[in-house]
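Right, one structure below, let's go through it.
We did not get these values from a lab; they are worked out from the coordinates using the rules stated. For clarity, every value in this text was computed on a predicted model and none was experimentally measured. Counting neighbours? That spans all protein chains shown, and the Cβs are built from the backbone with ideal geometry, glycine included.
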Amino acid sequence: MTTDSTLTKFGFRFGRNGAHAARTMMLGELRTLFNHQPETATKEDYRREVVEANVLGKPTRKARELAFGHLADLYGLAPELAAFRAFRKLWTQDEDAQPVLALTLALVRDPLLRRSWEFMLAKQPGEAVRREELEALLSRDDPGRFSPASLKSFAQNINGTWTQAGFLAGRTRKTRVVPHITPANVTFALFLGYLEGFTGQSLFTSAWMKLLPGSPDELEGLANSASHRGQIVFMSAGGVKEVRFPGYLTPEEEQIRQEVSHVV
């Protein structure tokens, strides 16, 4: 499989902390920022828009700098990162996909949010999701590291993100629900699996695809729709699946991926 150091070059982040110690995934702010900058924008373009032009309407320069820092931590905001580049392209193509796209990239980049992943997916539609359960999860692996107030804040931020993405419903009492997904969400999940070293049929077994609701046939149908839309090349015959991502990686990135990956 692809190594962590290579995945970092593609836009993945590892470690223990993340932006969810301070914020949710900031879906509204991200939409505002992208509405004011084109797909080709650089990280400096995004910084200038947030910090200098104050597109997010923050009251102080310090607040603007913090907002940009959190967005950069969550999403990268750098076209030289393959994961962000694919995300930005798909974001522009499909507005309905945006909430789950944002969650997916936030999971790529925020270790703190990733700690809630299995917990959330284990909840069945209609099942209550209590903040205290999430607090216990966050403190379990490192008892005493966080104060009760910090754990409460982290859990609220994480629950807020899953709510923005459509996996949870309710204001104070959260309930697990089924989010809306589109072909663009399947495309991004398949691409992240590809960056991790999956190919062919195994792409449909990656953790990123397991994030998305739906039966294998439904997800394959969405992959087929993505192929018709030109987002990927997808072929399936005789139980053999082939997925290609033309134009997603530079020749140098593709070579790096192939050097450190193997077929799963």
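Brief remarks follow.
- Screening Val178 with (1) within 27 Å of Ala97 (Cβ to Cβ); (2) surrounded by fewer than 17 Cβ atoms within 10 Å (Cβ to Cβ); (3) more than 19 Å from the chain's Cα centre (by Cα) gives one miss only, at (3).
- Residue selected from segment 1-29 under the condition part of a loop (DSSP other than H, G, I, E, B) and among the aliphatic types (A, V, I, L, M), by the criterion surrounded by the fewest Cβ atoms within 10 Å (Cβ to Cβ): Met1
- Every residue from segment 30-46 that is farther than 17 Å from Ala78 by Cβ and either assigned to a loop (DSSP other than H, G, I, E, B) or within 16 Å of the chain's Cα centre (by Cα) (or both): Arg31
- Of the residues in segment 149-168, at least one is surrounded by fewer than 22 Cβ atoms within 10 Å (Cβ to Cβ), touching a Pro at 6+ places or on another chain (Cβ under 7 Å) and under 23 Å from Phe12 (Cβ atoms).
- Within segment 105-144, the set of residues being assigned to a helix (DSSP H, G or I), within 20 Å of Gly76 (Cα to Cα) and not hydrophobic (A, V, I, L, M, F, W, C) comprises Arg109, Pro111, Arg114.
- For segment 222-238, a tally of residues being in contact (Cβ under 8 Å) with a residue 24 or more places away in the chain and of a type in the set (Gly, Ala, Ser) returns 3.
- Candidates Thr187, Thr172 - the one that is over 13 Å from Ser116 (Cβ atoms), under 21 Å from the mean Cα position of the chain (by Cα) and of a type in the set (Ser, Thr, Tyr): Thr187
- Filter result (in contact with a helix residue (DSSP H, G or I) (Cβ under 6 Å, 6 or more places away or on another chain), buried (at least 21 other Cβ atoms within 10 Å of the Cβ) and at negative phi) within segment 71-83: Leu74, Tyr75, Ala82, Ala83
- All told, Ala78 meets the bar of being of a type in the set (Gly, Ala, Ser), assigned to a loop (DSSP other than H, G, I, E, B) and touching a Lys or Arg at 6+ places or on another chain (Cβ under 7 Å).
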